[in-house]
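Inspection log for the structure reproduced underneath, given as structure tokens.
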Amino acid sequence: MCDQTFVAATFGPCESCGKASPLMNIYIKTEAINFCSFCVELMTCQVLQGGESVASLKRESDNLKKKLEEERGKLNDIELHQVAEKSEVLGAFAIKTRRLLKGHGNKVLCMDWCKDKRRLVSSSQDGKVIVWDAFTLNKEHGVTLPCTWVMACAYAPSGCAVACGGLDNKCSVFPLSLDKNENLNAKKKSVAMHTNYVSGCTFTSSDMQILTSSGDGTCALWDVESGQLLQSFHGHTADVLSLDLAPSETGNTFVSGGSDMKANIWDMRSGQNIQSFETHESDINCVKYYPSGDAFASASDDATCRFFDLRADREVAIYQKDSIIFGASSVDFSLSGRLLFAGYNDYTINVWDVLKGTRVSVLFGHENRVSRLRVSPDGTALCSASWDNTLRIWS
Amino acid sequence: MSGKTCSSSSSSSSVIHAQKLVDQLRVEASMERIKISLTAADLVRYCQDHRRSDPLLTGIAASSNPFKDKKTCVLL
């Protein structure tokens with residue numbers, strides 16, 4: 001009978017220098033440290049010299065945090081809805097389901113529109129990825145991935161490829177061909193490799209690069225052709241659930257939201273986290289840039305959607321109601337940015353007036369939670385994907 | 001292999017972690033921020049400028065909306 005209560009000698013990457021070598025498992029104030037013997041020696045020397053270093057760093061970080069709060073507070077001279085008082089009140093909102101896309105055998109987890117405004121790609125829990133023509137309801141392409149829970153899918157800007165990823169920890173790109181009989185799986189190209197599930201993916205301005213977010217807490221930028229990692233983004237302390245690219249052509253920033261309740265803005269070239277917003281009270285499920293690129297909205301499990309201004313570096317609006325108690329899973333703006341569509345886990349879609357902070361309308365129809373919604377590129381329609389196995393097009 | 005306890009009050013990994021946190025906060029603190037009255041005005045102006053080109057806001061006629069079913073033609 002083997003009772004494994006003793007510490008086994010471990011071999012692996014040292015937590016300090018990163019080199020793989022036999023590790024000394026030591027405990028400092030009940031905190032387990034796994035360093036190689038060289039680093040343990042180094043550490044004891046440093047400790048004798050800089051015993052105050054952690055305490056002084058902590059003091060400095062607390063001071064900086066206070067200073068940040070003060071700086072942000074100084075700018076809060078007026079509320080967004082007060083500035084928007086002069087805007088006209090939105091009239092009655094009349095959109096309804098125009099198309100019902102049936103065909104998935106299980107929960108639809110993600111969808112994305114093509115730039116041609118009529119095609120869209122959707123992915124579901126059973127591993128199927130389908131490309132639809134939204135006008136005719138025709139299924140143009142279908143691929144079955146070997147993994148289940150395909151949580152992310154994206155259409156390439158050229159319309160010639162789709163990317164998808166999920167529990168397989170990878171993001172794969174499939175070039176779409178006009179030949180219906182061609183097996184798409186044959187041309188599959190594995191691009192991204194994460195150490196946990198892929199929660200979101202998007203092409204950048206061209207078909208050549210994709211940006212992915214993962215449950216391993218990082219985001220990464222990949223070159224499609226070579227599969228090479230171009231840049232990685234570290235900073236989240238939990239799963240990253242969503243990302244969105246800044247809309248402008250020259251912009252090279254993106255926003256990510258995660259289970260650590262933070263939304264971070266990243267510079268794609270340097271990998272640096274340039275801004276961080278931590279006002280949500282639960283996981284952030286979805287983030288989306290405002291059309292002008294100066295702000296973004298987020299949807300969270302705390303049943304609120306929030307609007308953050310990038311130039312003022314703070315939250316400027318909260319979209320919530322006492323009657324809404326279920327988490328919001330997805331958000332998108334209408335073309336002008338005046339309307340915010342948010343899908344919730346109570347099967348509804350709420351339409352918010354972004355500027356005034358009031359709810360304009362509620363859309364009913366889905367029979368299970370709304371997992372993702374996207375406004376079409378020309379703004380004429382809204383597509384919502386749901387756990388009831390269908391997608392609905394509202395217009 | 002037995003575990004050793006260190007009597008000091010700090011460890012290398014938490015120093016590194018604290019240093020990273022301070023560096024990140026320094027970067028964020030150095031950002032130039034603009035008052036909300038100005039940025040909010042810009043957001044409102046953007047909405048105003050683009051409201052006419054927003055079909056979901058202004059609504060479009062059934063004839064030009066590819067998703068709305070057109071009324072069938074009646075031949076007289």
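The values are calculated or read from the model by the stated rules, or taken from the named source; none is laboratory data. Just so it is clear, the model here is predicted, and its values are computed rather than measured. Glycine gets a Cβ as well: all are built from the backbone with ideal geometry, and neighbour counts include every protein chain shown. Quick note on the areas: whole protein, heavy atoms, side chains included, nothing else; ligands and nucleic acids left out. Shrake-Rupley method; radii C 1.70, N 1.55, O 1.52, S 1.80 Å.
Odds and ends about this structure:
- Any hit, the range A:317-328, residues being at pLDDT below 95 and within 14 Å of another protein chain (Cβ to nearest Cβ): yes
- Out of A:ALA312, A:ALA297, A:ALA385, A:ALA342, one residue alone is assigned to a loop (DSSP other than H, G, I, E, B) and either closer than 20 Å to A:ARG118 by Cα or open to solvent by less than 10 Å² (accessible area, probe 1.4 Å) (or both). It is A:ALA312.
- The range A:254-274, residues that are within 14 Å of chain B (Cβ to nearest Cβ), β-branched (Val, Ile, Thr) and surrounded by 19 or more Cβ atoms within 10 Å (Cβ to Cβ): A:ILE265
- Residue list for the range A:234-279, filter: of a type in the set (S, T, N, Q) and part of a strand (DSSP E or B): A:SER242, A:THR253, A:SER256, A:ASN264, A:ASN273, A:GLN275, A:SER276
- Some residue of the range A:32-52 being assigned to a strand (DSSP E or B), assigned by TED's automatic domain parsing to the domain that holds A:LEU339, at pLDDT 75 or above and open to solvent by less than 40 Å² (accessible area, probe 1.4 Å): no
- Unmet requirement for A:ASP322, which otherwise passes all of (1) free of Cβ contacts under 8 Å to residues at least 40 places away in the same chain; (2) in a strand (DSSP E or B): (2)
- Strands (runs of 3 or more DSSP E) contained in the range A:138-214 and holding at least 3 residues more than 14 Å from the chain's Cα centre (by Cα) and over 23 Å from A:SER242 (Cα atoms): A:138-144
- Residue match in the range A:359-375 (condition: closer than 30 Å to A:SER124 by Cβ, surrounded by 24 or more Cβ atoms within 10 Å (Cβ to Cβ) and aromatic (Phe, Trp, Tyr)): no
- Tally of residues being out of contact with any helix residue (DSSP H, G or I) (no Cβ under 7 Å at 6 or more places or on another chain) and crowded, with 16+ Cβ neighbours inside 10 Å across the range B:18-33: 1
- Number of residues in the range A:238-294 that are in contact with a helix residue (DSSP H, G or I) (Cβ under 9 Å, 6 or more places away or on another chain), touching a residue at least 12 places away in the same chain (Cβ under 8 Å) and over 22 Å from A:PRO377 (Cβ atoms): the value is 4.
- Considering only residues in the range A:94-111 that are part of a strand (DSSP E or B) and of a type in the set (Val, Ile, Thr), the one that is nearest to the other protein chains (Cβ to nearest Cβ) turns out to be A:THR97.
- Counting the residues of the range A:239-250 that are open to solvent by 30 Å² or more (accessible area, probe 1.4 Å) and either under 15 Å from A:SER206 (Cα atoms) or of a type in the set (A, V, I, L, M, F, W, C) (or both) gives 6.
- Screening B:LEU76, B:LEU38 for residues that are modelled with pLDDT of 85 or more and more than 7 Å from chain A (Cβ to nearest Cβ) leaves exactly one candidate, B:LEU38.
- If the condition is being of a type outside the set (A, V, I, L, M, F, W, C) and facing chain B (nearest Cβ under 7 Å), then the range A:56-71 contributes A:LYS58, A:GLU60, A:SER61, A:LYS65, A:LYS67, A:GLU71.
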